[in-house]
Amino acid sequence: AQSVTQPDIHITVSEGASLELRCNYSYGATPYLFWYVQSPGQGLQLLLKYFSGDTLVQGIKGFEAEFKRSQSSFNLRKPSVHWSDAAEYFCAVGAKETSGSRLTFGEGTQLTVNP
Amino acid sequence: NAGVTQTPKFQVLKTGQSMTLQCAQDMNHNSMYWYRQDPGMGLRLIYYSASEGTTDKGEVPNGYNVSRLNKREFSLRLESAAPSQTSVYFCASGSGPTPGAFFGQGTRLTVV
């Protein structure tokens, strides 16, 4: 069975600082991997996804993530955080046999941005 | 471009009442999903439908039923609501050559 671990429940960074959110997954084959962002009271917005090819993936809003098979990780990064990035971030893994659309989620990381 | 539409957005039920959450997608996706979101637990899969006419249990199916009415619509029914079903419910869809899931805006359900 697939699983996802987001080790950090809550992270606080200063505006303009760099950000890295951690995600580790467990899956028997090459997974489909996703990062979603959720603002308060809102639905989930897809930031980026990996399913093959280049292991460094660019997403929306200036985010990127790197798939590291040897570490079973898919960490999300942003070089300079903006106050509007404050939200909850979810890492998810999907299986190829479901086109990656049946997802297992991590518990989420809440990001606070200090002015 | 509607994407995935859920109704209602908010609902308060009394224990024992029933209700149906509606979901429709206009992206011609084969697969549809119902998740619930609870604090500190991420999203958990309740039921899913890999294609029209099929449904399968997910991680937390107890107390729920689903209907895949047609390719566009996938409803979730609570027959006898319990306080433990207080949650935010998300519908999602996906398929084919674009891996991933597209989510609706959610239904916030409170059972008192």
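No lab work stands behind these numbers, since they all come straight from the coordinates. These numbers come from a predicted model, not from an experiment. Heads up, the Cβs are rebuilt from the backbone with ideal geometry, glycines too, and the neighbour counts pull from every protein chain shown.
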Q) Which one of A:Thr109, A:Ser84, A:Ser3 is farthest out on the positive end of the charge dipole of chain A, using unit charges on Cβ (Lys, Arg +1; Asp, Glu -1) and the Cα centre as origin? A) A:Ser3
Q.
For the pair A:Gln110/A:Arg69, report the inter-label distance in nm, with labels modelled 7 Å from Cα in the Cβ direction.
A. 3.7 nm
Q: Hey, for a label at A:Glu97 modelled as a point 7 Å past Cα toward Cβ, could you say which residues of the range B:75-107 have their backbone N under 13 Å away?
A: none
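With a 10 Å Cβ neighbour count serving as the proxy for reagent exposure, in which order, fewest first, do A:His10, B:His29 appear?
A:His10, B:His29
Please compute the Kirkwood hydrodynamic radius of the range A:56-101 from all pairs of different C-alpha atoms, in Å with one decimal. Write down the numbers at each step before the final one.
Details: mean 1/r = 0.0805 Å⁻¹.
Result for the range A:56-101 stands at 12.4 Å.
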Q: Starting at the first residue of the range A:15-30, write each ³J(HN,Hα) from the Karplus equation 6.51 cos²θ - 1.76 cosθ + 1.60 with θ = phi - 60°, in whole Hz, x for Gly and Pro.
A: 4, x, 7, 7, 9, 9, 10, 8, 8, 10, 10, 10, 7, x, 10, 5
Q: Send over the Kirkwood Rh of chain A, from the inverse of the averaged 1/r over different Cα pairs, rounded to one decimal Å.
A: 14.1 Å
Q) From the backbone phi of the range A:81-96, what are the Karplus-calculated ³J(HN,Hα) couplings (6.51 cos²θ - 1.76 cosθ + 1.60, θ = phi - 60°) in whole Hz, Gly and Pro given as x? A) 7, 10, 4, 6, 7, 4, 4, 9, 10, 10, 9, 9, 10, x, 9, 5
Q: In nm, give the distance between the simple-model label positions of A:Trp83 and A:Thr30, each being 7 Å from the Cα along the Cα-to-Cβ direction.
A: 4.3 nm
Q. Given the protein assembly as shown, what percent of its DSSP beta bridges are antiparallel, to the nearest 5?
A. 90 percent
Q) If one computes P(r) from the Cα atoms of the range B:1-93, what percent of pairs lie at distances over 16 Å? A) 52 percent
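Please give the FRET efficiency for B:Thr20 paired with A:Gln42, using the beta carbon to beta carbon distance and R0 = 25 Å, rounded to the nearest 0.05. Don't skip to the answer; put the middle values down first.
Working: r = 23 Å, r/R0 = 0.93.
That pair, B:Thr20 with A:Gln42, gives E of 0.60.
Among the trypsin sites (Lys or Arg not before Pro) within the range B:1-44, which fall in a DSSP loop and have no more than 15 other Cβ atoms within 10 Å of their own Cβ?
Numbers: sites: B:Lys9, B:Lys14, B:Arg36, B:Arg44; in loops: B:Lys9, B:Lys14.
Those satisfying the criteria are B:Lys9, B:Lys14.
Which percent, to the nearest 5, of DSSP beta bridges fully inside the range A:3-114 are antiparallel?
That works out to approximately 85 percent antiparallel.
Could you tell me the ratio Rg/Rh of the protein assembly as shown? Both radii from Cα atoms, Rh via Kirkwood.
Working: Rg = 17.4 Å, Rh = 18.0 Å.
On the Cα set of the protein assembly as shown, Rg over Rh gives 0.97.
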